[in-house]
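A quick write-up on the structure given underneath.
The values are calculated or read from the model by the stated rules, or taken from the named source; none is laboratory data. Every value quoted in this text rests on a predicted model; they were computed, and no experiment measured them. Methodologically, a virtual Cβ is constructed for each residue, glycine included, from the backbone with ideal geometry; neighbour enumeration extends over all protein chains shown. For the accessible areas, the whole protein counts, side chains as well, though only heavy atoms, and no ligand, DNA or RNA atoms are used. Shrake-Rupley method; radii C 1.70, N 1.55, O 1.52, S 1.80 Å.
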Amino acid sequence: MELLISILGAITAITVSAIGALLANKNSLILQIRKLKEEHYTSFVESLHNHTANDNEESLTRFVLARDKMFLIASENVIKKMLDYEDNGVGKSLEAHNFYLTELIKSIRADLKLKDKNFPIISFKKANNNVE
């Protein structure tokens with residue numbers, strides 16, 4: 001009887017350890033993906049801002065690379081909002097640009113599990129190089 005109890009205890013301990021390891025691995029993978037998304041989203045927004053502010057060949061090249069990387073990691077909703085921004089916001093009125101930019105940023109924030117209740121309409125600002 002003692003042998004049976006010992007065997008059951010060992011099986012239970014092994015099972016609990018295996019389940020704990022699987023859950024820890026799953027959580028680690030989720031955190032790694034979130035970190036990767038944060039890096040890609042930050043790089044995308046930075047390159048988009050720089051291209052908007054500078055509009056030269058180098059900034060376009062960096063923007064296109066960041067954009068293409070977004071297709072690998074971004075959620076479906078973020079990709080849809082990015083394409084909406086490109087189709088309906090770029091080169092359009094300032095109001096349309098800011099609306100679609102805001103929708104894109106809101107979808108990125110939602111994908112990163114950031115909560116927003118009253119996210120304002122946003123826009124990019126150009127840096128003033130004449131500051132003394």
Of Ser43, Leu29, Val64, farthest towards positive along the dipole that unit charges on Lys, Arg, Asp, Glu beta carbons give region 18-66: Leu29
Contact order relative to length of region 23-88, as percent, for alpha carbon pairs under 8 angstrom and 6 or more apart: 32 percent
Those aspartates and glutamates that a straight Cα-Cα span of less than 13 Å connects to Lys35, excepting residues fewer than 8 apart in one chain: Asp111
Which of Leu23, Leu3 is most accessible, then next, and so on - probe 1.4 Å: Leu3, Leu23
Length-normalised contact order of the chain in % [C-alpha pairs under 8 Å, at least 6 apart]: 20 percent
Lysines with Cα under 23 Å of Lys92, excluding same-chain neighbours fewer than 8 positions away: Lys80, Lys81, Lys106, Lys125, Lys126
Area of Ile19 that stays accessible when all protein chains are in place (1.4 Å probe, Å², to 10): 90 Å²
In Å², nearest 10: area of Thr42 left accessible to a 1.4 Å probe: 90 Å²
Convex hull (Cα only) mean projected area of region 27-132, reported in nm² to one decimal: 8.4 nm²
Cleavage-rule hits, GluC sites (Glu not before Pro), region 66-122, DSSP coil, Cβ neighbours within 10 Å at most 13: none
